[in-house]
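Taken together, the values in this text are just the output of simple stated rules run on the coordinates, not laboratory data. Fair warning: this is a prediction, and the values are worked out from it, not measured in the lab. Ideal geometry is used to build each Cβ from the backbone, glycine not excepted, and the neighbour counts take in all protein chains shown.
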Amino acid sequence: MALDRFSRDINYLRISLTDKCNLRCVYCMPEDMTFRPRAELLQDDEILRLVRIFAALGFHKFRLTGGEPTVRAGIVDLVQAVADTPGVRTVAMTTNGLMLDELAAPLAAAGLQRVNVSIDTMDPEKFKKLTRWGDVQDVWAGVHAAQDAGLGIKLNCVVVRGYNDGQDVVDLAQLTLFQPWQVRYIEMMPFGDVADFQMAGVVSEEELRKTISATLGPLTLLDDGRLDGEARLFQLTEGLGTLGFISSVTAPFCATCTRARLTADGRLRLCLLRDKEVNVMEPLRNGASDRELEAMLREAIWWKPWGHGLGKNVIPLNRVMSEIGG
Ligand code: SAM
């Protein structure tokens, strides 16, 4: 078990497999983003070695993200190797879904259990504008392929004031009347030099619930409000699926955070919204033994920050979201 100094059991690792993406969502990365050379990114054998060490430390849930994880060459084999690692219980992926039409079945066969697919609006024009060139039909093809492959499905919607905080959130909520999916509304988080825009665009959970229930009727709180991971769950009357609200900015869940993040260039980040990182790549490439790496990771986890500092205007500046993986 890897405990931090606040007795939180840190057991969930989110690994960014690449900083590259086949979309350029406006709140995530600039259009002219420059990506790191491949040699600077963790290679498959390095990722798998770290997964083994994290699993030995007691980590059992692994999420593959990016950039866009499905654009990484050899993704199916990598998923299989992560899933086969002793101690790994859950392998999930956060993806924009564009490649799932082709990849959902092989990924499920390789051991992937769940996908979180990002879709902020079902309106094709708006979707294109937000992602700078994406076609929402490709996402739907991916979601249906994931369903056919038996993968668990959550849909992630980042809500931006004045953009998708009206009919779009209602349309997505309506899907849960007919599908057993979890639609999750994520408050936009501030990063780097677009932080002002992002903070101004935050729409609170309460406001969203009002918008949804004004059209679709009352929402019932599930599990007495206990969080499912980071999401507070609700359900529409007669809904098959659920609605999750991830309110990192207005109602932080730091006290129950069990996450650590590994960036594509091999930095361990203990809080999504704090700049502090530990360079794992350097010792990894300079001959550190498994035991040395394990000691280093344990120490880093011990010092995981209590929580983010958005309330005190401490905003992460060193990376944009696409480099960390969400
Ligand atoms: N490419 C994949 C995808 O689209 O899901 C994985 C990486 S993406 C960085 C992971 C998640 O972070 C997505 O659901 C995305 O919408 C979300 N995200 C990106 N920038 C964000 C921000 N500023 N605030 C909140 N969520 C953000």
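Observations
- For the peptides 67-80, 165-178, 21-34, 216-229, the ranking by mean Cβ contacts within 10 Å, running from highest to lowest, is 67-80, 165-178, 21-34, 216-229.
- Magnitude of the charge dipole, the range 14-72, Cβ model with Lys/Arg +1 and Asp/Glu -1, debye to 20: 280
- Reciprocal of mean inverse Cα separation for the range 143-300 (Kirkwood radius, Å): 17.9
- Per DSSP, loop GluC sites (Glu not before Pro) in the range 176-253 with at most 10 further Cβ within 10 Å: Glu238
- With kT/(6 pi eta Rh) evaluated at 4 °C and eta = 1.567 mPa s, and Rh the Kirkwood radius from Cα pairs, the range 88-129 diffuses with a coefficient of 111 µm²/s according to Stokes-Einstein.
- For the chain, radius of gyration divided by Kirkwood radius, i.e. Rg to Rh on alpha-carbons: 0.94
- For Lys154, a cut-off of 25 angstrom between C-alpha atoms picks up these lysines, skipping any fewer than 8 places away in its own chain: Lys20, Lys61, Lys126, Lys128, Lys129, Lys210.
- Sorted largest first, the principal axis extents computed over the alpha-carbon atoms of the range 220-326 equal 57, 31, 24 Å.
- Look at the dipole of the chain built from charges on Cβ: of Phe6, Ile47, Gly326, the Cα furthest out on the positive end belongs to Phe6.
- P(r) weight above 14 Å for the range 285-326, C-alpha pairs, percent: 69
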